[in-house]
Each structure stands twice: as C-alpha cells, then as structure tokens.
Amino acid sequence: MTVSQPKAPLDVVFTCSGRAEGKMRNALCVAMTHPLRETFDMATDEGTIHGGDATAPPPLAHFIAGLTGCIMTQVRAFAKRMDVAIDALTVECKIVWQWTPKDRIYETAPKSFAIDILLDSPNPLEEQVALINAAKKGCFVEQTLAQANTITHRLKTEGGYLRLR
C-alpha cells in the first residue's frame, strides 16, 4: 500500500506492550497505531551475564538496528524524491554507552553515536550531501536522539497509577 504525501503535519504513533517470559526474555508486541495500523511481534533476551539464555537479541541490539535501519530507509525514500540515484548503500553505526557500577546495580549514560554512510551514486557530491542532510532530518530515531526528551514512568498500584520521579 502506498501512502500519499500528507499536506500537513501528522502524528506517527507507536506503542509497545511487553511481557516477561522465562529468565530474562521479553515478548513484545509493537504496534504502529497512526497513521497506519501495523503490528510486529518481537522479543528481547539477555546473555548469561544478566542471567538470560540469549534466545533473542538484547534491547540495545534492537536500538542500534532501529537507528541504522531508520537512516537507511530515509536515504532511499528521499533519494527517489530528490532524483538522486543510488547504486549501493551501506550504513555503519557505532554507539558507545558508559556503564558505571553503583553498589549492587549500575547506571548508564550515552557517550557517542557515529553513523558512517557509504553511498555509491553517480550524482554530484552536493546532491549526495543534500540527500544525507534531508535523510537526517527525516529519521525519527536520529531526531529523537538529537534533543532532550521527557520520559515519564508510572507504576500501577491498587489505587491507580503512581507517577515516578
């Protein structure tokens, strides 16, 4: 199904419901609820370092795959719209997080995100650069990472949801 280009901004909405299974495995039902309806069953697991069985990729593998796949999708989608020919496309991403032990748990922080784009195109360099710059602005994951975000957490209790700080 092809979707025509909307004339005004619209919300793109995804939800995910996860259920714990086994030692560290999570069954995830991901849904795009707007502007189209699509669902995807996915799973995550951890390796033995976290007590898992490594039956599925860990969450961070899905994270970097989402970033890599998003920029690749936008490059190819926008190439068609900008008349930039692509003979080959490879994207190599590297993400580094800091892991800091804190007593019996740990804390994490992002350190760097690097995206190398290997684009084989007969178009002039200026057009290739314009394509990459447009794709960066169209990549949902990259745009999310590029700004400060507010993330809320709530814990369901007998009396309703408790908002955590």
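Considering (1) in contact with a Pro (Cβ under 9 Å, 6 or more places away or on another chain); (2) over 30 Å from Glu127 (Cβ atoms), the lone condition that Ala20 does not fulfil carries the number (1).
Taking strands (runs of 3 or more DSSP E) as the structural unit, those lying wholly within the stretch 52-165 and holding at least 1 residues that are farther than 30 Å from Lys23 by Cβ correspond to 88-102, 105-120, 160-164.
Looking at the stretch 43-53, which of its residues are surrounded by 13 or more Cβ atoms within 10 Å (Cβ to Cβ) and out of contact with any helix residue (DSSP H, G or I) (no Cβ under 7 Å at 6 or more places or on another chain)?
Just the residues of the stretch 43-53 that are surrounded by 13 or more Cβ atoms within 10 Å (Cβ to Cβ), to begin with: 43-46, 52-53.
Listed by number, the residues that qualify are Ala43, Asp45, Glu46, Gly52, Asp53.
Scoring Leu67 on the criteria (1) over 27 Å from Phe140 (Cα atoms); (2) modelled with pLDDT of 95 or more leaves a single failure, condition (1). One residue stands out in the stretch 135-164 among those that are within 30 Å of Ala79 (Cβ to Cβ) and in contact with a strand residue (DSSP E or B) (Cβ under 8 Å, 6 or more places away or on another chain): the one that is surrounded by the most Cβ atoms within 10 Å (Cβ to Cβ), namely Glu142.
Go through the stretch 1-49 and count every residue that is assigned to a loop (DSSP other than H, G, I, E, B) and touching a strand residue (DSSP E or B) at 6+ places or on another chain (Cβ under 7 Å).
Restricting attention to the stretch 1-49, the residues satisfying the condition of being assigned to a loop (DSSP other than H, G, I, E, B) are 1-12, 22-24, 35-37, 45-47.
Then keep just the ones that are touching a strand residue (DSSP E or B) at 6+ places or on another chain (Cβ under 7 Å); that gives 11-12, 45.
Residues in the stretch 1-49 being assigned to a loop (DSSP other than H, G, I, E, B) and touching a strand residue (DSSP E or B) at 6+ places or on another chain (Cβ under 7 Å): 3 in total.
Test Arg37 against the stated conditions and say whether it is among the basic types (Lys, Arg), within 20 Å of the chain's Cα centre (by Cα) and surrounded by 15 or more Cβ atoms within 10 Å (Cβ to Cβ).
no
Is one or more of the residues making up the stretch 88-102 surrounded by 13 or more Cβ atoms within 10 Å (Cβ to Cβ) and in contact with a His (Cβ under 6 Å, 6 or more places away or on another chain)? No - not one qualifying residue is present in the stretch 88-102.
The values are calculated or read from the model by the stated rules, or taken from the named source; none is laboratory data. What you see is a predicted model, and the numbers here were worked out from it, not measured in a lab. Cβ atoms come from the backbone with ideal geometry, glycine included; neighbour counts cover every protein chain shown.
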